[in-house]
1. If one takes the accessible area of chain A alone plus chain B alone and subtracts that of the pair, with a 1.4 Å probe, what total in Å², rounded to the nearest 100, results?
2. What does the charge count near B:His125 come to, summing +1 for each Lys or Arg and -1 for each Asp or Glu among other residues with Cβ under 12 Å from its Cβ?
3. Would you calculate the separation in nanometres between label points at A:Gln68 and A:Phe7, each defined as 7 Å from the Cα along the Cα-to-beta-carbon direction?
4. Mind scanning A:Lys118/B:Lys135; A:Lys52/A:Lys130; A:Lys175/A:Lys229; A:Lys134/B:Lys135; A:Lys52/B:Lys145 and naming the pairs with a C-alpha gap bigger than 22 Å?
5. Report, as an integer, the average count of C-beta atoms from other chains found within 10 Å of each Cβ along A:10-16.
6. Can you show me the helix-derived [θ] at 222 nm for chain B, built from DSSP H runs with n ≥ 4 at -39,500 (n - 2.57) apiece and divided by the number of residues, rounded to the nearest 500.
7. How many partner chain Cβ atoms sit within 10 Å of a residue's Cβ in peptide B:22-33, on average, as a whole number?
8. Give the peptides A:157-165, A:118-126 in descending order of average Cβ contacts within 10 Å, highest first.
Amino acid sequence: MRNFLAFIQRFRVLLVFAILQGVALSIYFTFISYPRAQFFTTASNINGATLKMRNELTKHFNLSHNNQQLQKENSRLRALLKQSNYKLDNSKITINDTSYKRQYDFIPAVVINSTYDKRNNYFTLNIGSKAGIKRGMGVFSDKGVIGVVHNTSEHYAVVKSCLTENINIDVMVEKTGQFGLLKWNGKDARRGTMWGVSNDTRVKKWSKIVTRGGGGMFPPGIPIGKISKASPVEGQPLWDLTILYSEDYRRVRNVYVITNLMRTEQETLENQIDADN
Amino acid sequence: MTIAIKHIIRFFLFALIQVLVLNQIEIGWGIQLMIYPVFIMLLPVELSVFYLLLISFIFGMFIDSMSNSYGLHTSALLLFAYLRPLIFKVFAPRDGYDILLEPNIFNMGKKWFYKTFGILLLIHHFWFFLLEIFKLNEILFVTQKTILSFIFSMLLCVLVQYLFIRNSKNNAI
């Protein structure tokens, strides 16, 4: 016993160091897979409020660019309105369409904090669980996919962006329907990779990559980017596809969070398969 | 007492500069600017290692929670704090440290500061990027990030002392 105490006495500095280091490292390595320590993120209230204050100060710097972008999107959507279309046949009667039911809701949000040169990059949004944001919802902007909600608090949410190593969004080539998973190599903020396309199929350069809509996170057809390079993977029958992102994650600001109104239905149905097996 | 207040003010000042300003500056080539190690460096020499570790843990968590890095800064800062007394012992002046003097660039001399702080900061940066990337086959990228960031951070840490710590013993902040 005395020896033990003497041992602790001798190495007490190292011991304290090891304990504190252990706490820090366990927080770091567990957070990537599951957000346990919400207190330590920008989603916590004090930190969120501080970042919001900074955002209030700096939001005007990119104002003209953001306004232009929103205006562009508005004009595109306005072109789809009924009023802006010329009626070709006046004898037609409008019928209330009941063959469609709305599946997706879009909640507008503003990015108040973001990084792009770390290994795993997260965005903080100015809305949280009070606005109906939940873990696992998709986020996109007018140009393309942004990421997936990772962690929420009452008023803020942290989004795992496409600049995260294992973002694993279901994507496909728009024309041909070859599908795979989106990954990021951790270096270039403009490029990601698509994993899982078999190399006995043909891949056309500059073909568009869109979401596939699996998993219920994103509706199908939201753009991500274009294939800029295709090279074979050594030792595996797969293509290594480099994607040039259509969104510039360094200046993204106005985004939409997707609520899938039928997600629970899809999930219960898919969970049934597991139960049956 | 005044020393404690001075360090508490510095605690928030350095953390906020790091989080609100420097984390937003992204130069490219994987460079990350870090100024907060200077806070731990400027703590009194006679402060025990336990307090040093405890302060750096709280300080690191404060920065981590605001920059979404979840323990990365804390881990690197703990290593910095743990090694500080050892490095100080190695580079001790001939007649020991004057416990009333703050170990900044003016009181201890340029040469001493570059040596001690340089070694500590290099270890801090290397550990930080090693943990962040966590792949041995990208060790070259880690080294590149470490060296480039180290140069810029060092410049910044020296500059902040010339700007805000006046060359006197009863300085403000």
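1. Buried area (both sides, nearest 100 Å²): 3300 Å².
2. In short, 0.
3. Once both label points are built, they end up 6.8 nm from each other.
4. A:Lys134/B:Lys135; A:Lys52/B:Lys145
5. If you average over the peptide's residues, the count of other-chain Cβ atoms is 3.
6. -21500 deg cm²/dmol
7. 2
8. Ranked from most to least packed, the peptides come out as A:157-165, A:118-126.
The values are calculated or read from the model by the stated rules, or taken from the named source; none is laboratory data. Bear in mind that the values here come from a model prediction, so they are computed numbers and not experimental data. So basically every Cβ, Gly included, is an ideal-geometry build from the backbone, and we count neighbours across all protein chains shown. Each accessible area value is taken on the protein alone, full model and side chains, heavy atoms only, with ligands, DNA and RNA left out. Shrake-Rupley method; radii C 1.70, N 1.55, O 1.52, S 1.80 Å.
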